[in-house]
Structures are given as C-alpha cells and as structure tokens.
1. Hey, can you grab everything whose amide H is under 5 Å from the amide H of Glu100? Only 5+ residues off in sequence or another chain; H modelled, so Pro and N-termini drop out.
2. Count of lysine pairs in segment 162-272 with Cα atoms under 24 Å apart, counting only pairs 8 or more residues apart in sequence or on different chains?
3. So which trypsin sites (Lys or Arg not before Pro) in segment 157-196 end up in coil per DSSP with only 16 or fewer other C-beta atoms within 10 Å?
4. Within 10 Å, Cβ to Cβ, of Val434, how many net charges do the neighbouring residues add up to if Lys/Arg are +1 and Asp/Glu are -1?
5. Val63's amide H: which non-local residues (gap 5+, or another chain) put their own amide H closer than 5 Å, with H modeled 1.01 Å from N in plane and none for Pro or chain starts?
6. Let me check against my output: what whole-number percent is the relative contact order of the chain, with C-alpha pairs under 8 Å and at least 6 apart?
7. Taking θ as phi - 60°, what are the ³J(HN,Hα) couplings along segment 215-231 by the Karplus curve (6.51, -1.76, 1.60), each to the nearest whole Hz, with x for Gly and Pro?
8. Quick check: pseudo-label points 7 Å beyond the Cα along Cα→Cβ at Ser105 and Lys210, how many nm apart are they?
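No lab work stands behind these numbers, since they all come straight from the coordinates. Here the structure is a predicted model, which is why all the values come from computation and not from measurement. Here the Cβ is made from the backbone with ideal geometry for all residues, glycine too, and neighbour counts use every protein chain on show.
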Amino acid sequence: MDPLQMAHSSPRKKRPRQMGAPMLSPPHNIKFQDLVLYILEKKMGTTRRAFLMELARRKGFRVDNELSDSITHIVAENNSGSDVLEWLQVQNIKASSQLELLDISWLIESMGAGKPVEMTGKHQLVSMRRDYTASPNPELQKTLPVAVKKISQYACQRRTTLNNYNNVFTDAFEVLAENYEFRENEVFSLTFMRAASVLKSLPFTIISMKDTEGIPCLGDQVKCIIEEIIEDGESSEVKAVLNDERYQSFKLFTSVFGVGLKTSEKWFRMGFRTLSKIKSDKSLKFTPMQKAGFLYYEDLVSCVTRAEAEAVGVLVKEAVRAFLPDAFVTMTGGFRRGKKIGHDVDFLITSPGSTDEDEEQLLPKVINLWERKGLLLYCDLVESTFEKLKLPSRKVDALDHFQKCFLILKLHHQRVDGGKYSQQEGKTWKAIRVDLVMCPYERRAFALLGWTGSRFERDLRRYASHERKMILDNHALYDKTKKIFLKAESEEEIFAHLGLDYIEPWERNA
Ligand code: DCT
Ligand code: MG
C-alpha cells in the first residue's frame, strides 16, 4: 500500500494509547527551513497525528510538537477555518499575520511531491464566522489571527471550479433566479444569482447556519431558504416555483432557439402551454430563428458533448484556415472553462497577418463554404460595428461590436470520435448551435476573456469600474484616471492591469 494512501485512511483498530513520555523519534534533516508546521490533533486523533508528523519529518518538513509563535503553517483535518480559529482563540495564541491555515490535503500533496506544493484555494481553510480583523472589539483583534482569508463579494476574486459542494443550495437559487428573470424582477434575480455564485466557490458543504456567517452576498431572504433546506431538505418556495404553470411554460418556450421572454410572455397570455399547439397554430408568425429552433428542436435541446464540440472545432479550423492560414481558432465559452456539456460551441477567430478587409471577408467565406457543402442549417451574420477609438461600454451587459455569426451546423456522426459511435440507420447527423466571433488581433485578449464567460466577465467589469476607476469590455480596458487605453497581449495582463490575481478559465465557473 502506498504510504500516502495509508496516511489518508484513518486507523481502524484502536490500539492502547501510550501515555506519559512523548514519542521519541530519530532526528531528521530539515529541507524546508522557512516552514514550521503544526498538525492539529482535534478531529484527527493522536495516532494519525503522530503518524503524519513522523512521515512529514522524514520528508524534510519541520513539524513542531507544540504550538508556538514560530509556527507558520497549521494543518488540520475535518476542521473548517472557523473551527481552527476558535481553537486557537482558546489556546490564547497570538498568531502572526503570516500564519497559514491549511487542510491536510496540502500536506499529503506536498509529501507526495517531496516539497511544499503551492497553496491554493482548495487547501486554504476559510473562516466562515466573521472578518475578525475588522472586529470592533480590540481585544478580539489582538487575540485572533489576522491571516483570515475573507471571501470577496466579487466573483473575479474567487476561484470557482466545477467542483460544487453546495449543489442543493445553488440549484434551488438558480430556479428562483430564473423565475424572477421570467417575471422581469432583475433585483431579486441578481440576488439569487450572486448567492449561487458565492456558494459555488466554497471549498466545503454548508451543513449548518453557522457556516454561512461571514459569507458575502447572502441576505436574509437567501438565508431563510438555506435554513429551510438544511432543516427540511427542500425549500417550499422552490417547490412552488417548480410547480408554477407560468414558470414551466416559460422554461419550455425559452428552450426553443430564438424564443426570449417577450415571445414567451405573448404565448403564455394567449393561453398556450405546449410547443405542439404553438407549432400547429396557423395564426402565429415565427422568425427565421424560431423556425430553425422548432425544426431542429430535439437536437438542440440535447446538449452538445465535448466530443461533438471537438469535432466542430476541427470543422471550424479546416474552413477558417482554407482562407486565412495563419488564423488562430480558440474554443471559448463553457468548454474552455472545462464544462463537459454545453448548449452551443463558441469560437474566437483572429489572425495576426490579415488586413481589415481579409478580416471582414472571413466569416462570409466560411459560411459560404459550409452552405455549398450542405452543412449550414441556419445562419445569422452580424456585421462589425467596432471602432478602435471608442471607449469601452459602461453597461455591464452590453453586447460587443465584433463581427459574429450565430449558426446551426450539420455535424455528421462519423466526424465525432473518429466515427466510433456513428449510427448506421436513420439520421446520420446532429444539428449543433455554433457561435463564431472574429476580432482584430490586438484585441484578442479582451475578446477571449469576454467570450470565455461565464458571468464572471460581467463581474470583472463591475470590479474594474467600482474598485479601479477603469472601464473594461470585450474590446478594451480604459484607465479613467490616466485617460489611457491599457493594452494587453494575454488575459494574464488584463488581470495584472486590474491588480487582480490571475484566475484560470476553469476557475471562472461562477
Ligand atoms: N458572451 C459575450 N457577449 C455576448 C454573448 C456571450 O461576451 N454577446 C460571453 C458570455 C459567455 C460566453 O460568451 C459564451 O456564452 P454562452 O455560450 O451563452 O455561455 P456558455 O458559458 O458557453 O454556456 P453554455 O454551455 O450554455 O454554452
Ligand atoms: Mg457556449
């Protein structure tokens, strides 16, 4: 058995405890002089603690037996940040501002790597109680460590992977947010969206109301729902929404490509409740988008898989490079954030060597090629209204000005996964929604950031204007104080201009 694995499983048999004399261990070489670890016994037990201490020492870590001012890293298991802080408070320890509170996973990974691994959000224990550093009580300030990682109200300062520990709550909030959106109550919709977003970033599951203390974006309305779910396993409000006729109808109608809130409202008022009644009604007029939406409905509601997205990527690259051999084609949207499925596939196209005219011509040429090949099922080309000197838009929700097209493409099954799963009988293809955006080469970092989503970018724009007096959109970043445009070659540079730690695409699932 791998010793690290062993370190992870707790001892089954209880052996008689050796009381009295402290465990003697041979001296070890300390390889990492800057780190002084302390392993918390609470919820871990004496045996496992002793075992881990010994193992860590053998790997070159300095692990102290006693808690003291020289400790730099406290490692705990099955404890929240608040638990550790509370315990420290009881020990009356005045911790330095450098003190790191870490989960055991950090130590296990470090021992595996033979050196301390980088501490990331998944290792760092977060205090769920209060922001102790801001405590009005000077006594509290003195006795409590200041190294508490406060959760930011901005999603762009949180790392949100697809590992959601709070699905029960976030699913509920998303239903409520959507219902408020259907009812055009923007404020409430945003309230629940923000609450879902912050809970998705937590490295643990909320199990009691105590865990919610200190978390931003959770107002009373939100907390009531959390409490109800903790106590009853479900929320009566969410249950009522899911059974609501208006919610169900809007959900169904908006699942058709090209149908938004206005159309849904109209159909609902007219008494429609099913798509078949709508499709067969002779008095209704449909836009070309909606016609395509009904025609390919079954394919479009069944989500796009990653294998299908990759196959579309090959198709797009082939077509684009036939006209602009130096073009970069990047898959953006949810797939770039690591999602396994999506409602469409988004691509950003840019080419370093092309003229404005080449750029303008590319998408029409690509569309034309697919049309000739019989692959184009629907196309809506939106011409560029981009102006180089225009200031970025202040509206967080404003659409960008790049040339783009919203398409439905015919993807032959044999192109997916090398034809492994291609069906022999019946329809040999699937209709897939594809968005292509063409952007000038020098704006590619801004466009990429925007098109990678999710709502993360909107939050970044909010952060830029509220906290930095800058305006950010999919085209540019403008510093209002210095009155200059800030250039960027990469997403990392945009984060740096904003004074933010870089957040990887797969950590932007807010
Ligand atoms: N976007 C943007 N400007 C637009 C439309 C979209 O900046 N006019 C951004 C926001 C997210 C990203 O592009 C992709 O959008 P979607 O495809 O709607 O979202 P997604 O995250 O890819 O999710 P899904 O899996 O549902 O496609
Ligand atoms: Mg998408």
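1. The answer is His73, Ile74.
2. So the count works out to 9.
3. Details: sites: Arg158, Arg159, Arg183, Arg194; in loops: Arg158, Arg159, Arg183.
In loop regions of segment 157-196 (DSSP not H, G, I, E or B), the sparsely surrounded trypsin sites (Lys or Arg not before Pro) are Arg183.
4. On the way: positive: Arg433; negative: Asp344, Asp346, Asp435.
In short, -2.
5. Here Leu37 satisfy the definition.
6. Numbers: 775 pairs, mean separation 54.8, N = 510.
Value for the chain: 11 percent.
7. Working through the residues one at a time gives 7, x, 6, 10, x, 4, 4, 5, 4, 4, 5, 4, 4, 4, 5, 4, 7 Hz.
8. 2.2 nm
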